Amino acid sequence: MARQAIIIDCDPGVDDALALLLALASADELDLLGISVVAGNAALAKTRYNAQRILALAGRAEVPVHAGAAGPMLVDLRTADVHGDDGVGGAALPEPAAPLASVNAVSYLCDTLAARSGKITLCCLGPLTNLGLAIGQNKDAPNLARRVVMMGGAAAGGNVTGYAEFNFFVDPHAARLVFQSGAELVMIGLDLTRQVPITPARLDQIAALGNKAGQAAHAMLTFYCRGDTAMHDPCVIAYLLAPTLFSGRKAWVDIEIDDPERIGQSVVREIPDGGKGNALVLDKIDADGFFDLLCERLARLP
Ligand code: BDR
Ligand code: CA
C-alpha cells in the first residue's frame, strides 16, 4: 500500500487519543503531516494540550499541532462527560515536548490542502468546526483533500439526543457545510463504532502490552469505559490501514439544523444501486480484526 499523507483534525478525547496513537504507530503506511485541534470533548486549551501530550508519549513531538476553533460556528460549545475533566480520563501523560505551531488550524488546513491538492486524506475525529471555518475562507477547501474520512453521525439514533451523535450535535452547521461541499466523504457513524466495544478482555490485552503507550491507553480507557465503550475515532484510522475490515454503501446524508429536537441528526437517505450520493456510509466492521490491528500497532510504540 502506498504511504498516505494525512492530517488529523481532532478533540482529544480518550478515543481521539487512541486514534492518534494508532496513526503514530503506523508510520510505514501513514505520513502524518500535522494535527489540527478543535474544542469538543473538552475546551480547546485541554484538547490541544492532550494532542501535544500524546505526541510526547509516542516520541513524535516533531508532528505540528495547530490549535483551531474554541467553539462551534453558531451555537454554544457543549463538552462531553465520558472523557473526564481533562479529556483523557485523568491518565498520567508526559508533558508536551514541543510548542504549539504558530499557524491557526483553519489557515493550516486551507494552505496545506491547497499546496497538495488531491493528495491528503483529512481525518476528522471531532466537531467539524475547523473544516466548516475553512470552507468559509475557501469554499473548495474540503474538495482539495483526496477524501475526508470522519467519525460522526448515525444512520439511526444518537448518543447525545435520541437523534444526534456528539460530533454533529456539537457543530451541526459545520457538519452541514461539509456534507454540502461535494467533497469525497466517508462517514463512520455510531452504527459502526458500536460494533467495536472495549471489553474487559480487550482492556487486559492492552494492559499486557507492557509499554508506556499501552499503560496510558489502559488508564484512559478504564476511565472512558464507565460512560461509553465504543472505540469511535480509532475506526477512522483503521479504515485507512485496513479498508477490507469495513463495508458500507453510498448514500445521501444531510444534517438537520432547524428542528430543535433533531438538531445535529444525520439524515441518511438510501440511493438506488449505482447511485452517487454524497458520502460513503460505512456500517459494518470486523471487530476482532480491528482489535488485533490496534493491539499490534500499540505494541510498536515506546
Ligand atoms: C464522538 O464523540 C466524542 O465524544 C468521541 O471522541 C467521538 O469522536 C462519538 O460520538
Ligand atoms: Ca472525538
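Shape class for the chain, computed from the alpha carbon gyration tensor (a ≥ b ≥ c): rounded, with a/c under 1.5.
Taking amide H as placed 1.01 Å from N in the peptide plane, the amide H of Asp283 sits under 5 Å from that of Ser247, Gly248, Arg249, each at least 5 places away or on another chain. Computed over the chain, the per-residue total of -39500 (n - 2.57) for DSSP H runs of n ≥ 4 gives a 222 nm mean residue ellipticity of -10000 deg cm²/dmol, rounded to 500. Compared with the direct C-alpha span, the chain from Asp28 to Asp140 gains 37.3 nm at full extension, assuming 0.36 nm per residue.
Simple point charges give the picture: +1 on the Cβ of Lys and Arg, -1 on the Cβ of Asp and Glu, and for the chain a dipole about the Cα centre of about 580 debye.
The distance from the alpha carbon centre of the range 16-48 to that of the range 267-302 is 18 Å, rounded to a whole number. Using a cutoff of 8 angstrom between alpha carbon atoms and counting only pairs six or more residues apart, the relative contact order for the chain works out to 20 percent.
Lysine pair count for the chain (Cα-Cα distance under 21 Å; residues 8 or more apart in sequence or on different chains): 4.
Read the figures in this text as sums done on the coordinates, not as results from a lab. In this text, all values refer to a predicted model and were calculated from it rather than measured experimentally. Positions of Cβ are backbone-derived with ideal geometry, glycine not excepted, and every protein chain shown enters the neighbour counts.
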